[in-house]
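Working notes, structure below.
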Amino acid sequence: MFAHAPLEHLHLDWLSAAGIEVAILRLDQIDPLISGNKWFKLSEHLKAAEGAGAEGIISLGGAHSNHLHALAAAGKRLGFKTVGLLRGHAQETPTVQDLQAFGMQLHWLGYGGYRARNEPGFWEPWQAQYPQLYAVPEGGGGLAGALGCAALKQQLDTQLPTLGWSDYHGWWLACGTGTTLAGLVLAEAGAHPVFGALAVPEDHGVAPHIEAILQAAGLANAGYELIEASRGGFARVDSALLAFIEQTEQASGVPLEPLYTGKALMALKEQIEAGRFASGTRLIVVHTGGLQGRRGFSTCP
């Protein structure tokens, strides 16, 4: 449905100083609304919904959710119904305003109600209320979401020769649920390691979610590693991070947001400066999109 995400050399002084080469897969450029890794996560879910004869999709997220934003935009563009179950209490954010403009029906669950999303029976009343809708996990997760993200390796493989590279040494990307990382691990099947920079604290269950996906796919001994990068919590933004983002945008011309790719690149810099990667290493960084979420931060216009 969408054009290839451009694969570009990323030129930054701290990479050059360490002798590390990085290419960035620009998922932020595939579409103005259904951007980043969200389309890839949704693609297999949409096929499953169509196969089930559903009239639309019901899913979960927060008031700045990139997933719900992409889902609502896809629903408006492709003509299917969307319902969003939101964390917390009703609030106005640029994202929420877009969800409503795209025609998504919103239900605010409070915080306790949202925490129950992984408990048995959570979906029963919603499926009773919306029997014609297909339920998709938070963030477009699960095995279907990961299988959609496995297509990212094809995006890379078709463009790698344009970099002048014959091979690479690994992937680096932000992890919110771990679904995109799991998709890359499935696609690589051990050929190249995948490094996930955690945008959420460890207690958010990213590691068990990844393991559940890989087990469902029948893949064992997968080559991946999770690195703490949340800087104290999901959506926790500090002055050092904002300064890093500003400097990196000015130096590279690549727009970033502070929840995912901004944190992932800052964590990569810290790992490189700690000597984690040898000179000559070539890494693929995934820009997972989510730039619409910048609007929630006054320092990131």
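The values are calculated or read from the model by the stated rules, or taken from the named source; none is laboratory data. Predicted, not measured: the structure shown is a model, and the values here were computed from it. Every residue, glycine as well, gets a Cβ built from its backbone with ideal geometry; the counts of neighbours run over all protein chains shown.
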How many residues are in contact (Cβ under 8 Å) with a residue 12 or more places away in the chain and of a type in the set (Gly, Ala, Ser) if we restrict to region 246-277?
5
Filter result for the condition that a residue is touching a strand residue (DSSP E or B) at 6+ places or on another chain (Cβ under 8 Å) and either farther than 18 Å from Ala222 by Cβ or hydroxyl-bearing (Ser, Thr, Tyr) (or both), over Leu163, Leu152
Leu163
Exactly one of (1) among the hydroxyl-bearing types (Ser, Thr, Tyr); (2) buried (at least 17 other Cβ atoms within 10 Å of the Cβ); (3) more than 15 Å from the chain's Cα centre (by Cα) is unmet by Thr288. Its number?
(3)
Based on this model, can you work out whether Ala5 counts as modelled with pLDDT under 95 and either hydroxyl-bearing (Ser, Thr, Tyr) or part of a loop (DSSP other than H, G, I, E, B) (or both)?
yes
Sort out which residues of region 206-229 are of a type in the set (Gly, Ala, Ser) and without any contact (Cβ under 8 Å) to a residue 40 or more places away in the chain, and write them in order of number.
Ala207, Ala212, Gly218, Ala220, Ala222, Gly223
Considering region 41-66 alone, what residues qualify as being over 16 Å from the mean Cα position of the chain (by Cα) and closer than 21 Å to Pro125 by Cβ?
Ala49, Ala52, Ala54, Glu55, Gly56, Ile57, Ile58
For region 240-264, what are the residues that are outside any helix (DSSP H, G or I) and within 16 Å of Arg295 (Cβ to Cβ)?
Pro255, Leu256, Glu257, Pro258, Leu259, Tyr260
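One line per residue, one yes/no per condition, for (1) crowded, with 21+ Cβ neighbours inside 10 Å; (2) among the small types (Gly, Ala, Ser):
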position: Pro6; (1), (2): no, no
position: Leu12; (1), (2): no, no
position: Ala18; (1), (2): no, yes
position: Leu25; (1), (2): yes, no
position: Asn66; (1), (2): yes, no
position: Gln105; (1), (2): no, no
Within region 230-245, residues surrounded by 14 or more Cβ atoms within 10 Å (Cβ to Cβ) and without any contact (Cβ under 8 Å) to a residue 12 or more places away in the chain come out as Arg236
Criterion violated by Cys175 - all others in (1) crowded, with 17+ Cβ neighbours inside 10 Å; (2) closer than 21 Å to Glu138 by Cβ; (3) out of contact with any strand residue (DSSP E or B) (no Cβ under 6 Å at 6 or more places or on another chain) satisfied
(3)
In this structure, is Gly223 touching a Gly at 6+ places or on another chain (Cβ under 7 Å), assigned by TED's automatic domain parsing to the domain that holds Val285 and at pLDDT below 95?
yes
Can you confirm whether Ala191 is among the hydrophobic types (A, V, I, L, M, F, W, C), out of contact with any Cys (no Cβ under 6 Å at 6 or more places or on another chain) and more than 27 Å from Ile272 (Cβ to Cβ)?
no
In this structure, does Ala197 turn out to be part of a helix (DSSP H, G or I), buried (at least 19 other Cβ atoms within 10 Å of the Cβ) and at pLDDT 95 or above?
no
Given the criterion in the same structural domain as Glu188 (by TED's automatic domain parsing) and either out of contact with any Phe, Trp or Tyr (no Cβ under 9 Å at 6 or more places or on another chain) or not hydroxyl-bearing (Ser, Thr, Tyr) (or both), identify the matching residue among Gln91, Gln100, Gln155, Gln127.
Gln155
Residues in region 155-194 that are of a type in the set (Gly, Ala, Ser) and assigned to a loop (DSSP other than H, G, I, E, B): how many?
7
